[in-house]
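The values are calculated or read from the model by the stated rules, or taken from the named source; none is laboratory data. All values derive from a computational prediction rather than experimental measurement. Cβ: placed from backbone, ideal geometry, glycine included. Neighbour counts: every protein chain shown. Areas reflect the complete protein model, heavy atoms only, side chains present, ligands, DNA and RNA absent. Shrake-Rupley method; radii C 1.70, N 1.55, O 1.52, S 1.80 Å.
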Amino acid sequence: MRLAIFGNPVAQSKSPLIQTAFAAQFGLPDFEYGRILAPLDGFTEALQRFIAEGGQGGNVTAPFKEEAFRACDRLTARAAAAQAVNTLKVEADGQLLGDNTDGAGLVADLNRFCSLAGKRILVLGAGGATRGAILPLAGEQPAEIVIANRTALKAVDLAAVFSAQVDVPVRGVALDQISGVFDVVIDATSASLGGEAFPLPASVFGAGCVAYEMVYGKGETPFMARAQEAGAAHRVDGLGMLVYQAVEAFELWTGLRPEAEPVFALLRNA
Ligand code: ATR
């Protein structure tokens, strides 16, 4: 099977390491997973060339997830809701299927700490990362999902879009007007990428709360520090989300579900 990850930059991606380790779990012969640095204005061409040369699918990372969404012939429901694609598969009839496994990866990682059923979930940010997360989160039947964003209107609009699609209450509020106590607080803003802080009341972190930072490898971000001060029971970065989105992608390509745990160990030692 011939797969690759497309991105720009792409050299930093851990997906080849993760996917190759998954393939080794099953002793899959001829499993190839490469990196393709697509030009910023040349993603679709790079993808078409890869497929013409026998590529059967792959992953997509920044900044091409929205372009990949537009390039697909078919979409899974979660990719359609996310309006972004991180996983591609050339199907038996030659059509290109787009999936988005990021939100499922987030849910699988959160499930290591708690069940989400009946819980109150706060998602900070209303960009692409949040858009990909809401449908999979709602599928766990939480009591409520609140989206809080610096630009309040984006949170309100996104909440309205998802309210119409799911049977869980979804509300949008301004970042500086959050009220209530939550069981799970997810930082899906891009603030931590630049080490930027934003105001967040300590009272949002309930007893036993999971504070989840979607980015990984950024150490003690302002959000993580805030969660620590507030006494959040679990503080988790997005490494597990990365591993579990890869589990979901591998399963889509091969029909086999790999073990995540050995890959955690591999990444910690990498
Ligand atoms: P992504 O695809 O990573 O979600 P995005 O679509 O550009 O990226 O969205 C970034 C999100 O982070 C937005 O919700 C943005 O808030 P605005 O909509 O108000 O721009 C949020 N964000 C970025 N920097 C932030 C900061 N310093 N404080 C609070 N929110 C921030």
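With a 1.4 Å probe and all protein chains left in place, how much of the accessible area of the chain comes from carbon and sulfur atoms, in whole percent? Kindly include the intermediate steps, with their values, before the conclusion.
On the way: 6010 of 11630 Å².
After summing per-atom areas, the C and S share lands at 52 percent.
Rounding to the nearest 20 debye, state how big the charge dipole of the chain is about its Cα centre with +1 on each Lys and Arg Cβ and -1 on each Asp and Glu Cβ.
It works out to roughly 300 debye.
Annotation note: GluC sites (Glu not before Pro) in the range 30-63 located in DSSP loop regions with a Cβ neighbour count of at most 12 within 10 Å are E53.
Rounded to 0.05, the FRET efficiency of the R49 and E259 pair, given R0 = 30 Å and the Cβ-Cβ distance, is 0.35. Global size of the chain: 18.4, 55 Å for Rg and Dmax (C-alpha atoms, Rg to one decimal, Dmax whole).
Any chance you could run the full-extension gain for A233 through A207? It's 0.36 nm times the residue separation minus the Cα-Cα distance, nm to one decimal. Before the final figure, lay out each step's value.
On the way: separation 26, 0.36 × 26 = 9.36 nm, distance 0.70 nm.
Separation in residues times 0.36 nm, less the Cα-Cα distance, equals 8.7 nm.
In summary, the lysines within cross-link reach of K89, defined as a Cα separation below 30 angstrom excluding same-chain residues under 8 places away, comprise K14, K65.
Rounded to the nearest 0.05, what FRET efficiency do V161 and E32 give with R0 = 30 Å and r taken as the Cβ-Cβ distance? Could you check? My answer for the efficiency is 0.20.
Starting with the highest mean, order 170-176, 105-111 by the number of other Cβ atoms within 10 Å, averaged over the residues of each peptide.
Details: 170-176: 18.0, 105-111: 21.7.
Order by mean packing, descending: 105-111, 170-176.
Among rounded, prolate and oblate, which fits the range 103-237 when a ≥ b ≥ c are the square roots of the eigenvalues of its C-alpha gyration tensor, a/c under 1.5 means rounded, and a/b larger than b/c means prolate? Verdict is rounded for the range 103-237.
Taking a 1.4 Å probe, which of T20, T76, T101 shows the most accessible area, and what order do the others take after it?
Values: T20 70, T76 35, T101 0 Å².
Largest accessible area first, the residues go T20, T76, T101.
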